[in-house]
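First comes the structure, then the notes that go with it.
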Amino acid sequence: MRAVVAETGSGPLANEAVVGSHRLVADEPESLGGGDTGPGPYGLLCAALGACTSMTIRMYADRKDWPLEQVEVTVDHERVDGVDVCTKSIALTGDLDEVQGDRLREIGGRCPVHRTLEASSRVVTR
């Protein structure tokens, strides 16, 4: 997977990210010197974690043929004592019993982005 990110020139911090055939805008709020034309980097990180969690839950429920109607994941990011903390809240809609709901939330904690963030990731700059 590759993302190519470049300044757009439409604001002091505005960037466009191209991922495959998709284009996303990233920026910072005005309070941080940006133009607020898109989410900031941590907003994109929260979105990635939420999307991966939702997709993982959906795939599992579909494979099990469970009556899941909708998944909604809310992700909050904050720094606590110098440590980045992402908190996920998972809301499930459908005629699920308690065991199914608990299992789907557990599966949501195993999505690839969640696992990447929990592991000590390595970033190489060239």
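The values are calculated or read from the model by the stated rules, or taken from the named source; none is laboratory data. Quick caveat, the model's predicted, so the values are computed rather than measured. Neighbour counts run over all protein chains shown; Cβ positions are idealised from the backbone, glycine included. Heads up: the accessible areas ignore ligands, DNA and RNA and are worked out on the full protein's heavy atoms, side chains in. Shrake-Rupley method; radii C 1.70, N 1.55, O 1.52, S 1.80 Å.
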Relative contact order of segment 8-47, defined on C-alpha pairs under 8 angstrom at six or more residues apart (%) = 31 percent
Go through (i) 1.24; (ii) 1.46; (iii) 1.35 and flag the label whose value is the computed Cα Rg over 2.2 N^0.38 Å for this structure.
-> (i)
How much area per residue is accessible in the chain when the probe is 1.4 Å and only protein heavy atoms are counted (Å²)?
-> 71 Å²
What 222 nm value per residue comes from the helices of the chain, counting each DSSP H run with n ≥ 4 as -39,500 (n - 2.57) and dividing by all residues, nearest 500 deg cm²/dmol?
-> -10500 deg cm²/dmol
Treating only Lys and Arg (+1) and Asp and Glu (-1) as charged, each at its beta carbon, one finds that the chain has a dipole about its Cα centre, in Debye to the nearest 20, of 720 debye
How far is helix 41-64 tilted off the main Cα axis of the chain, in degrees rounded to 10, range 0 to 90?
-> 20 degrees
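Compute the FRET efficiency between Ser121 and Glu7 as 1/(1 + (r/R0)^6), taking r as their Cβ-Cβ distance and R0 = 35 Å, and round to the nearest 0.05.
The computed FRET efficiency comes out at 0.90.
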By residue number, which cysteines of the chain lack any other Cys whose Cβ falls under 4.7 Å from their Cβ?
-> Cys46, Cys86
Taking every pair of Cα atoms in segment 40-83, average 1/r, invert it to obtain the Kirkwood radius, and report Rg/Rh to two decimals.
-> 1.14
Would you tally the net charge around Thr8, using a Cβ to Cβ cut-off of less than 12 Å, leaving Thr8 out, and scoring K and R as +1, D and E as -1?
-> -2
Quick one: helix 98-108 against the long Cα principal axis of the chain, what's the angle to the nearest 10°, folded into 0 to 90?
-> 30 degrees
